[in-house]
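The values are calculated or read from the model by the stated rules, or taken from the named source; none is laboratory data. What you are looking at is a predicted structure, and each value in this text was computed from that prediction instead of being measured. For neighbour counting, all protein chains shown are included, and Cβ atoms are generated from backbone atoms with ideal geometry for every residue, glycine included. For the accessible areas, the whole protein counts, side chains as well, though only heavy atoms, and no ligand, DNA or RNA atoms are used. Shrake-Rupley method; radii C 1.70, N 1.55, O 1.52, S 1.80 Å.
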Amino acid sequence: MTDVRYPFTAIVGMADLRLGLLLNAVSPAVGGVLVRGEKGTAKSTMVRALAGLLPSIAAVDGCRFACDPAAPDPQCPDGPHSAAGSHERPSQLVELPVGVAEDRIVGSLDLERALAEGVKAYEPGLLAKAHRGVLYIDEVNLLQDHVVDLLLDAAAMGRSYVEREGVSVRHAARFLLVGTMNPEEGELRPQLLDRFGLTVEIAATRDPAERAEVVRRRLAYDADPAGFAARFAEEERALAAHITAARELLPQVRLTDVALRQITAVCAAFEVDGLRADIVMARTAVALAAWDGRDEVLEEDVRRAARLALPHRRRRNPFDAPGLDEEQLERTLEEHAQEPEPDPEPEGDGPDGGDPDGDGPDGGDGGPGGGGAPEPSDGGGVPETSAPEPGAGDTEAPPAGGDDRPQQPVPAQHPSPARESAPVAAGDPYRTKLFTVRGTGHGAQGRRSPAETTGGHTIRSRRPQGALGRLHLTATLQAAAPHQVARGRGGRALVLRKDDFREQVRQGRESNLVLFVVDASGSMAARQRMTAVKGAVLSLLTDAYQRRDKIGMITFRGAHAELALPPTSSVEVGAARLESLPTGGRTPLAEGLLRAHEVLRVERLRDPSRRPLLVVVTDGRATGGRDALARSHRAAALFAAQGTASVVLDCESGPVRLGLARTLAGQLGGSAVSLDELRAEGVASLVRENRSAHRSENRRATSPASMRKAA
């Protein structure tokens, strides 16, 4: 393994990523950069290469926190540094592993020495090591939320705080924050996305010549790293000098009133939340001007800053992809490109006077009676309901009266049972009832089921398992107290042994694997029903996203079941697969359940601590093969035997209902809810109605008339 980094200037293409990283190198106040892209696109290679370009720093001798001798941190735990010497050293690149613990990030106190010797022995963490350097988080979307919050708070404040058992330590932590992620493995929450200054989307080039050059250079580097780096040494020195010059010019760059007004107008036009976007855009535009060697921000700087600082702040719901409307950006920049003129005095226009700009390019937009003609709809202006719905592709579709009983196939214009119907859109998502896994788990921290986690409230103590975590002080004192006389205690200090220490056991919530098994057969294909079903599943997907779950999806129809989405953290992919889900054919319920059983078996081997929650979306019918219903019940019994938590979303509708979904829920050992009961507000109203009905019955039962009648 070589210590020679791949040269930054040797990387082919990816101009946006290159620019975003360099701007943060020029002005760390921009707030870091989030790199989003598919796997194998050299995200990590470019970030590691950037560290070699950063100027070296002067650090105080003997300081573990890299204090600047020109302005040492007055709160540095290794201070004061009034008469200390200094030395030059390269900027540090600190990489944060995915499974990092909180104590490793902020540092930890040696609690054994603190209690036994009365000294504050603080061991610095990765934030201290990254001070005045680069903190690189690969796969930032896979970190636990509380860890990401901690990192972003430190990056925003420039300081790390450690508060443990009455001991307080704080130190400077200013660094260039770079995170990389593959969106297919799950998104960051919008609140966390907003904390990154810039975001860059990258993808592998499709140009064969560029791809060949990438491979050629990589093979040359692997064969002779030192020789390959020497080929680009001159370009690397020139780029490092460019960064240094831009840093020196940065304080002299002037942000004009026109540029500032354009920045704020763009942020307002795109309806971003808060004012962080305005501040980041301003800092980015100034850094762009310094990078180009100018002392004044131009409109082009504002345009490029918007493309880097706003796309990830445009998400309005969990499944919106980052993006920016270029036409809206250009229109807003053009409208605010000049100093505003004072409003002229009114010239006789009465209160009913027309808008002189009403017939301009934007006049009358969206208003009733606007001047522009409405755009034609996809259906050519004809309502979609004016044409009869095509058949659902299954003889089980209910008739107009709402009866769910199977009907005889109708020849002629209706399709055959084997034919599938086109996908229908999902209904609007809503807040759903919370489903949890029974018992207490030990999985990754999340927001669904009870579990022993590093966060949450303390429920008990235990002997340390490995290194001492969070000390349970009361339990430690109780364990040590009976032995003080035997240990010869003579002063005020306790005589402690290693076996006396106890750590806290905390209960919070974990994330789970939510596996959806969705019936896509013809019995579900009625358009209104499938719209409601997809809306319900989309609502559950949104809930899984917010609770940081992994999800998987199995669909069954015709003669087999398909793993439409292997278990993943990317809920967005699940929503996309759901949207394009076709329906039609028979109902192989047993095959769907057996496929789910196999998927969960494999996932238990991969991630034993993550508990599953099975969500079966069906009306309970089974028509695929011989003894279909009996086979489905035998398959359901497999889950009941293993104690798998399960929920059946009962999609049966119509006045005549067979109750097959609820029977299936009993075989699974789980519960069944209807589409109406799934809504959180619907559940609350049902509880209120039941309570009201019970109170009414009690009042009637205890009324004098009822008592006389009973007598």
Please sort 570-580, 555-565, 235-245, 426-436 by packing, taking for each peptide the average over its residues of neighbouring beta carbons within 10 angstrom, highest first. 555-565, 570-580, 426-436, 235-245
Per-residue SASA entry for Glu652, accessible area with 1.4 Å probe, Å² rounded to 10: 10 Å²
Looking at region 503-560 only, what percent of DSSP beta bridges run antiparallel? Nearest 5 please. 10 percent
Solvent-accessible ranking of His633, His87, largest area first, probe 1.4 Å: His87, His633
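Pairs Lys433/Lys550; Lys39/Lys534; Lys39/Lys433; Lys433/Lys534: which exceed 25 Å Cα-Cα? List each step's numbers first, then the result.
On the way: Lys433/Lys550 18 Å; Lys39/Lys534 30 Å; Lys39/Lys433 36 Å; Lys433/Lys534 16 Å.
Beyond 25 Å: Lys39/Lys534; Lys39/Lys433.
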Taking the highest mean first, how do the peptides 177-185, 512-520 order by number of other beta carbon atoms within 10 angstrom per residue? 512-520, 177-185
Can you give the accessible area of Glu334, probe radius 1.4 Å, in Å² rounded to 10? 150 Å²
Highest mean first, how do 654-663, 43-52 rank when packing is the count of other Cβ atoms within 10 Å averaged over residues? 43-52, 654-663
Can you work out the Karplus-derived ³J(HN,Hα) for every residue in region 67-79? Use 6.51 cos²θ - 1.76 cosθ + 1.60 with θ = phi - 60°, whole Hz, and x for glycine or proline. 5, 6, x, 6, 8, x, 6, x, 9, 4, x, 8, x
Taking R0 as 56 Å and r as the Cβ-Cβ distance between Ala241 and Val656, the FRET efficiency 1/(1 + (r/R0)^6), rounded to the nearest 0.05, comes to 0.10
Cut-off 13 Å, label 7 Å out along Cα→Cβ of Arg218, residues of region 1-20 by amide N: 11-12
Using 1/(1 + (r/R0)^6) with R0 = 45 angstrom and r between the beta carbons of Glu296 and Glu102, what's the FRET efficiency to the nearest 0.05? 0.50
